[in-house]
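For reference, the structure discussed in these notes is given below.
Values in this text are rule-based calculations from the coordinates and carry no lab data. In this text the structure is predicted, and so the values were computed from the model without any measurement. For neighbour counting, all protein chains shown are included, and Cβ atoms are generated from backbone atoms with ideal geometry for every residue, glycine included.
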Amino acid sequence: MKPRHFFKDNDPQQILIDQAKALRARAARMPAGVERDRLLKQACENEVRANLHVWANSPGLQPPER
């Protein structure tokens, strides 16, 4: 049995961005339709998640005042 390799080099944002690129590439090869729209929506959601992660971890973010 081969050992599984887990790559810790990729951060969560990069994984989401890579998945979005792959989904867009798959969608580009498909005819217009429900499945293509689903892939494009999923790609868009992954890009938004990656951007939210960057925003939430930005140094300028301040906690709410009490």
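Report the net charge of residues surrounding Gly33, where surrounding means a beta-carbon distance below 14 angstrom and charges are Lys +1, Arg +1, Asp -1, Glu -1.
Around Gly33, the charge tally is +3.
Please give the contour-minus-distance gain from Asn51 to Arg29: 0.36 nm per residue of separation, less the Cα-Cα distance, rounded to one decimal in nm.
5.3 nm
Dipole magnitude of the stretch 12-55 about its Cα centre, charges +1 at Lys/Arg Cβ and -1 at Asp/Glu Cβ only, in debye to the nearest 20?
Its charge dipole is roughly 140 debye.
Kirkwood Rh, the stretch 12-55, all Cα pairs: how many Å? Before the final figure, lay out the partial values.
Numbers: mean 1/r = 0.0961 Å⁻¹.
Computed over the stretch 12-55, the radius equals 10.4 Å.
Between beta-carbons, use under 14 Å as the cut-off and find the net charge around Ala20, counting Lys and Arg +1, Asp and Glu -1.
With Lys, Arg at +1 and Asp, Glu at -1, the neighbours total +3.
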